[in-house]
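A short worksheet on the structure shown next.
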Amino acid sequence: MRHSSKTREIPTKELTLSKPGRRQRRSDETREKIFRAALRLFAAHGFPATTVEDITEAADVGKGTFFNYFPTKEHVLSAFGELQRGKIEHALALARENRLPIREVLRGMFRAAAEEPGRSPALMRSIIFAMLSNEPVREVMSRNLELGRQTLEELLAIGQQRGEVRSDRAAGDLARALQRIAFGTMLFWSLQPVASLAEQLDTTFNLFWLGLAAAPANSAKEKRS
């Protein structure tokens, strides 16, 4: 009997960050193998056409093993969204440490965000199609985007407090704009991959930073005079 994945609710699940022992490492390796096999198939055949059976065969695991890690194939994309959100959380941690300028923190975050979707334009198209056509995927991706926006807002607020990010706009509005340009760049790259996604995002970020950065102190004084 085929496992139905359309009606089950997808809970948000935090990625495991620590690997305390051999057993946990093996578990993480199995999960990663399934995850990577699924992404390759989504890129090659599309999300709707890929079955759990296809994934387990490609990963060389049993169906029971798959369901130990991912209750449905939609949960694979949930894990993908969590992985991307983890990169924003890492950037926030760097900002809190106050060792790097906010510009460098954000630039590094953009580059990290390109790693997974940048492996294949077809994978990016498959993910976008799944978000548009599959309600459970859309719900969990929207939840990850909202949580990511909140983290970005906190990161940009730190930049405002330091005087590195413009403060005449709410940090939440800037975070939303940042998400939109990043997602838009990924969408256009998936349709016209004329360069690597990392290069495209780097160009986009450099342009966006021109409007995001706080005005130099001299310029601010001139405006007040």
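The values are calculated or read from the model by the stated rules, or taken from the named source; none is laboratory data. If you're wondering where the values come from, they're calculated on a predicted model, not measured in any experiment. Cβ atoms come from the backbone with ideal geometry, glycine included; neighbour counts cover every protein chain shown. Remember, those area values only see protein heavy atoms, side chains included, never the ligands or the DNA or RNA. Shrake-Rupley method; radii C 1.70, N 1.55, O 1.52, S 1.80 Å.
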All positions within region 161-178 that are part of a helix (DSSP H, G or I) and open to solvent by 40 Å² or more (accessible area, probe 1.4 Å):
161, 162, 173, 176
Has region 185-205 got at least one residue that is open to solvent by less than 40 Å² (accessible area, probe 1.4 Å), more than 19 Å from the chain's Cα centre (by Cα) and modelled with pLDDT of 95 or more?
no
Within region 79-89, does at least one residue satisfy the condition of being crowded, with 17+ Cβ neighbours inside 10 Å and farther than 20 Å from residue 154 by Cα?
yes
Of those in region 137-155 that are closer than 17 Å to residue 178 by Cα and of a type in the set (A, V, I, L, M, F, W, C), the residue most open to solvent (accessible area, probe 1.4 Å) is 145
Is it true that some residue in region 71-88 is of a type in the set (Phe, Trp, Tyr) and part of a loop (DSSP other than H, G, I, E, B)?
no
Cβ-Cβ below 7 Å, separation at least six or inter-chain, first residue in region 43-68 and farther than 30 Å from residue 190 by Cα, second aliphatic (A, V, I, L, M): which pairs?
61/34; 63/52
All but one of (1) assigned to a helix (DSSP H, G or I); (2) surrounded by fewer than 16 Cβ atoms within 10 Å (Cβ to Cβ); (3) small (Gly, Ala, Ser) hold for residue 112; state the number of the condition that does not hold.
(2)
Filtered residues of region 136-159 (kept if in contact (Cβ under 8 Å) with a residue 40 or more places away in the chain and of a type outside the set (A, V, I, L, M)):
136, 139, 143, 144, 148, 151, 154, 159
Across region 55-69, what is the total count of residues that are surrounded by fewer than 18 Cβ atoms within 10 Å (Cβ to Cβ) and either of a type in the set (Phe, Trp, Tyr) or closer than 17 Å to residue 120 by Cβ (or both)?
2
The condition from (1) within 12 Å of the chain's Cα centre (by Cα); (2) open to solvent by 50 Å² or more (accessible area, probe 1.4 Å) that residue 118 misses is numbered (2)
Boolean, residue 72 is open to solvent by less than 60 Å² (accessible area, probe 1.4 Å), farther than 27 Å from residue 191 by Cβ and modelled with pLDDT under 95:
yes
Applying the selection to region 72-105, what residues are among the charged types (D, E, K, R) and free of Cβ contacts under 8 Å to residues at least 12 places away in the same chain?
97, 99, 104
Residue by residue through region 162-178, note down the ones that are under 20 Å from residue 101 (Cα atoms) and not small (Gly, Ala, Ser).
162, 164, 165, 166, 168, 169, 174, 178
